[in-house]
Amino acid sequence: MPVYLLQAQGIKKPVKKLPVHTIISNVVVKESVADTVKITAPVRIKITTSLGEIIVRLSDKTPKHRDNFVKLVNAHFYDSLLFHRIVSGFMIQGGDPNSKNAAPGILLGNGDVGYKIPAEFDSTLYHKKGALAAARDNNPQKASSGCQFYIVQGKKYSNTELDMIEAEKGIYFSPSKRMTYAMNGGTPKLDMNYTVFGEVETGMEIVDEIALSQTDNNNRPLTNISMKMEVMKEDEK
């Protein structure tokens, strides 16, 4: 996410020229760790943070992202990682393996797992408030990071603003999407550009609380916000 989009969101804080969803840009694409995952039912993930629990439901319309996320969660990859970059009114981002035990003030966002996930765009999955999406670098295929993700907080948009985004980005907002962005908010500029692969079912108030955290000039929280993830069992859903 280029810095100029942060400014468009009304963020005045100076930041280094580093994409919001930055990951290491020269990783080698190799076999995904998710290749052995077999999914037979809707998947929900419990994200336990130092501020409370968030439950996200993964979409079956993005099976590569879903399966990869499940594989990493089952491997406890995300346990003890941080929400390392937060922009209030925009999103909260985590999943950088370098964030585990990272010293205060260290710039994070370049860690990855060494492979990418092909983009899985679907017009019914969009950046409404609570959307779970995959981070990526500026690769032309728009392939996703193998591990970094973000949850949209966003803001409310008027029809006039959405008209401008349609003209600028060449995307279409249906009446139902327009109503969602007007009533609940989101980040429509990212639609069909970053893969959305799930959404928050409960715990959006925790996302909002995390988004209010004080941050440094690189948008890293001054107080660490850690996470732990687990795939929910059927009797927990």
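Amide H contacts under 5 Å for Ser144: Ile117, Ala119, restricted to partners 5 or more places along the chain or on a different chain, H placed in the peptide plane at 1.01 Å from N.
With a cut-off of 11 Å between beta carbons, the residues surrounding Ile106 carry a summed charge of -1, where Lys and Arg count +1 and Asp and Glu -1.
For the range 96-191, with the dipole built from +1 on Lys and Arg beta-carbon atoms and -1 on Asp and Glu ones, taken about the Cα centre, which of Ser144, Ala131, Met164 lies farthest toward the positive end? Of the candidates, Ala131 comes out farthest on the positive side.
What Kirkwood Rh does the range 144-237 have if only Cα atoms enter the pairwise 1/r average? Answer in Å.
Details: mean 1/r = 0.0629 Å⁻¹.
So the Kirkwood estimate lands at 15.9 Å.
Applying both filters, DSSP loop and at most 16 other Cβ atoms within 10 Å, to the GluC sites (Glu not before Pro) of the range 161-237 eliminates every site.
In a fully extended conformation the segment linking Lys233 and Ser50 would gain 63.7 nm over its present Cα-Cα distance, using 0.36 nm per residue. In the full protein context, the range 75-219 carries 40 Å² of accessible surface per residue, based on a 1.4 Å probe and ignoring ligands, DNA and RNA. Solvent-accessible area of the range 146-232 (1.4 angstrom probe, protein heavy atoms only): carbon and sulfur portion equals 53 percent. In summary, the aspartates and glutamates within cross-link reach of Lys129, defined as a Cα separation below 16 angstrom excluding same-chain residues under 8 places away, comprise Asp191, Glu199, Glu201, Glu205, Asp208, Glu209. Among the listed pairs Lys100/Lys169; Lys116/Lys228; Lys177/Lys228; Lys100/Lys233; Lys71/Lys128, those with a Cα-Cα distance over 30 Å are Lys100/Lys169; Lys177/Lys228. What does the C-alpha gyration tensor say about the overall shape of the range 83-141? Classify as rounded when a/c is under 1.5, otherwise prolate if a/b is larger than b/c, or oblate. Judged from the Cα gyration tensor, the range 83-141 comes out oblate (a/c at least 1.5, b/c at or above a/b). The residues packed around Glu199, meaning those with a beta-carbon under 12 Å from its beta-carbon, carry a net charge of +4 if Lys and Arg are +1 and Asp and Glu are -1. Taking amide H as placed 1.01 Å from N in the peptide plane, the amide H of Glu201 sits under 5 Å from that of Ile55, Val56, Arg57, each at least 5 places away or on another chain.
The values are calculated or read from the model by the stated rules, or taken from the named source; none is laboratory data. None of these values were measured; they are calculated from a predicted model. For neighbour counting, all protein chains shown are included, and Cβ atoms are generated from backbone atoms with ideal geometry for every residue, glycine included. Heavy atoms of the whole protein, side chains included, go into the accessibility calculation; ligands, DNA and RNA do not. Shrake-Rupley method; radii C 1.70, N 1.55, O 1.52, S 1.80 Å.
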